[in-house]
Amino acid sequence: MEDGLHAKPRLARSGPAPNVGIVHLGPGAFFRAFNACFTDEAMAQKGGDWGILAVSLQSATARDQLEPQGGVFTSVTLDPQGWKPRVVGSLSRTLVAPENPKAVIAAMVDPNVKIVSMTITEKGYCVSVATGELDLSHPDIEHDLLNPNHPKSAVGFIVAALQGRRDASIAPFTVLPCDNLPSNGGLARAIVLKFARQIDGALAEWIAETTPFPATMVDRITPATTQIDIDQLGDMTGYHDPACVFHEDFRQWVIEDDFINDRPAWNLAGAQFVTCVEAHEMMKLRCLNGTHSTLAYLGYLAGYETIADTVGNPDFEALCDRLWQDEIIPTLTPPDGEDLTRYCAALMERYKNPAIQHRTWQIAMDGSQKLPQRLLGTIADNLVRGVDPNGLILAVAAWMRYVGGTDDHGHPIDVRDPLALALRAASDKAVTAAGKVNALLAFSEIFPATLTNDAHFRDLVTKAYVSLSDSGTKRAVRAVLVQ
């Protein structure tokens with residue numbers, strides 16, 4: 001049978017879907033390129049009822065793409081020698097939470113579900129950046145506290161489902177966050193408990209005593225899929241698959257081994273189970289995510305569309321190497337079994353992969369929520385040890401130029417950020433470089449007082465901003481290299 005809009009038949013499942021053992025919140029491209037692939041390979045090697053019920057908390061796009069295909073989709077490894085497609089069958093069903101929140105809760109209460117995992121991005125945790133705690137004034141949280149049986153947020157669904165399991169004398173599930181956040185397990189636990197306390201103190205105590213929240217570190221570059229990608233895959237495979245995802249060959253999943261029930265044999269697919277994931281996640285957040293954001297803002301301002309294009313400029317590659325060796329690695333404790341210099345060299349090879357069209361604009365999204373974890377902590381650590389981290393300072397200044405809405409060539413920037421309008425207004429109101437820097441540093445939900453009260457930090461950012469605005473990004477990068 002052919003899709004009505006395409007000459008090629010739609011990809012379809014060839015056999016029965018696996019029984020559901022996992023509910024996943026946030027079935028975007030990264031989840032499909034990562035969690036779903038690991039789970040599919042784990043079941044292929046050891047079996048088990050680990051099918052995934054994917055829940056979209058907002059858009060129906062994933063459901064509309066996946067359900068006509070029986071949940072299967074194509075995972076495409078972007079190798080310099082060519083594409084390597086593989087059909088993944090670990091997704092059993094897909095639900096859209098706003099359409100039927102009761103069905104989602106019922107699915108999570110099902111005793112066959114042992115794990116609830118999440119890839120909901122920083123925004124999905126509804127955390128105040130200023131306090132690091134659940135924001136009870138967030139519109140979704142306010143709604144969920146008033147309507148606990150019809151939630152909108154991830155934490156609202158988790159608490160409602162755990163309450164349903166407790167009331168039915170069913171053991172809780174393991175909550176497994178898989179977002180690029182430091183101590184994501186501890187963060188998930190904190191927001192769930194704070195929310196639960198607003199509902200029922202006894203429920204919060206039960207969750208605290210029974211429910212594990214293992215931390216994870218996840219890593220796989222997953223560029224956004226384009227219509228051109230979908231069409232080219234169709235030409236290669238002979239079928240139409242709008243749910244396909246594209247990713248690099250490299251992947252790393254480090255998981256704290258703290259599960260109340262059984263778990264998939266993810267280790268057979270290459271996952272690492274450890275007692276503490278903190279050193280791995282800090283390595284990844286600072287070495288990969290920190291330089292990714294740096295290259296994204298500087299690269300976009302300079303006119304580069306992708307990370308590969310950006311590091312194709314020898315100065316930008318050298319800046320990245322300088323960041324690792326002088327400003328990032330000295331702040332880290334090496335995880336067991338990791339050589340940080342070798343790890344960063346491998347990162348550069350990943351960045352240079354011409355098959356990975358990872359757009360600087362895509363990585364630059366939601367910077368107000370990413371800067372504290374990716375850049376500001378590293379800057380603070382360097383200042384404490386008496387080092388001026390001029391490369392990372394330039395990245396912060398580049399973010400400030402970026403949210404101002406104009407690149408080096410005078411072209412407007414489509415800034416996607418929860419604070420985009422407020423940041424642009426603050427920047428526009430100021431006239432001088434120092435004024436713009438001060439206006440943006442005043443956003444306490446982004447910048448901690450330890451930095452904003454540091455006159456030396458403020459001066460370094462202002463000088464970097466002036467360098468970018470007066471000389472242009474490429475010359476500003478070169479100037480940092482000769483310091």
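Would you check if there is a residue in segment 415-434 being under 24 Å from residue 314 (Cβ atoms) and assigned by TED's automatic domain parsing to the domain that holds residue 332? Scanning segment 415-434, I find no residue that is under 24 Å from residue 314 (Cβ atoms) and assigned by TED's automatic domain parsing to the domain that holds residue 332, so the answer is no.
Listed by position, the helices (runs of 4 or more DSSP H) contained in segment 303-381 that have at least 1 residues being more than 21 Å from the chain's Cα centre (by Cα), surrounded by 22 or more Cβ atoms within 10 Å (Cβ to Cβ) and not β-branched (Val, Ile, Thr) are 314-322. All conditions but one from (1) closer than 29 Å to residue 140 by Cα; (2) touching a residue at least 40 places away in the same chain (Cβ under 8 Å); (3) not hydroxyl-bearing (Ser, Thr, Tyr) apply to residue 60; the one that does not is (2). Restricting 120, 105, 141, 115 to those that are of a type outside the set (Lys, Arg), in the same structural domain as residue 205 (by TED's automatic domain parsing), closer than 30 Å to residue 222 by Cα and out of contact with any strand residue (DSSP E or B) (no Cβ under 7 Å at 6 or more places or on another chain) reduces the list to 105.
So which residues in segment 124-166 are surrounded by fewer than 16 Cβ atoms within 10 Å (Cβ to Cβ), within 22 Å of the chain's Cα centre (by Cα) and either of a type in the set (Lys, Arg) or under 19 Å from residue 189 (Cβ atoms) (or both)? Listed by number, the residues that qualify are 128, 131, 132, 133. Please specify each residue of segment 105-122 satisfying the condition of being in contact (Cβ under 8 Å) with a residue 60 or more places away in the chain and either of a type in the set (Ser, Thr, Tyr) or under 16 Å from residue 147 (Cα atoms) (or both). Once the filter is applied, which keeps residues that are in contact (Cβ under 8 Å) with a residue 60 or more places away in the chain and either of a type in the set (Ser, Thr, Tyr) or under 16 Å from residue 147 (Cα atoms) (or both), segment 105-122 yields 117, 119, 121. The residues of segment 163-189 that are in contact with a Leu (Cβ under 7 Å, 6 or more places away or on another chain) and of a type in the set (A, V, I, L, M), listed by number, are 181, 187. Within segment 423-448, being more than 18 Å from residue 392 (Cα to Cα), in a helix (DSSP H, G or I) and within 29 Å of the chain's Cα centre (by Cα) holds for 423, 424, 425, 426, 427, 436, 439. For beta carbons closer than 7 Å, sequence separation of 6+ or different chains, a first residue in segment 346-367 that is under 16 Å from residue 313 (Cβ atoms) and in the same structural domain as residue 414 (by TED's automatic domain parsing) and a second that is in a helix (DSSP H, G or I) and of a type in the set (Phe, Trp, Tyr), the qualifying pairs are 360/300.
Take the residues in segment 221-238 that are surrounded by fewer than 18 Cβ atoms within 10 Å (Cβ to Cβ) and assigned to a loop (DSSP other than H, G, I, E, B); name whichever of them is modelled with the highest pLDDT. Filtering first and then ranking leaves 238. Out of everything in segment 409-442 that is touching a residue at least 60 places away in the same chain (Cβ under 8 Å) and under 19 Å from residue 367 (Cα atoms), what residue ends up being surrounded by the fewest Cβ atoms within 10 Å (Cβ to Cβ)? The qualifying residue surrounded by the fewest Cβ atoms within 10 Å (Cβ to Cβ) is 418.
Selection within segment 252-276: residues that are outside any strand (DSSP E or B) and touching a Pro at 6+ places or on another chain (Cβ under 8 Å). The member of this set that is farthest from residue 186 (Cα to Cα) is 260.
For segment 449-462, filtered to residues that are touching a residue at least 24 places away in the same chain (Cβ under 8 Å) and over 28 Å from the mean Cα position of the chain (by Cα), the residue that is nearest to residue 403 (Cα to Cα) is 462.
In the set 292, 280, 247, 240, only one residue is more than 20 Å from the chain's Cα centre (by Cα) and not basic (Lys, Arg); that residue is 240. The set of residues in segment 191-220 that are crowded, with 17+ Cβ neighbours inside 10 Å and either touching a Ser or Thr at 6+ places or on another chain (Cβ under 6 Å) or part of a loop (DSSP other than H, G, I, E, B) (or both) comprises 211, 212, 213, 214, 215, 220.
The values are calculated or read from the model by the stated rules, or taken from the named source; none is laboratory data. Since this is a predicted model, take the numbers as computed values, not measurements. Note that we place each Cβ from the backbone using ideal geometry, even for glycine, and neighbour counts take in every protein chain shown.
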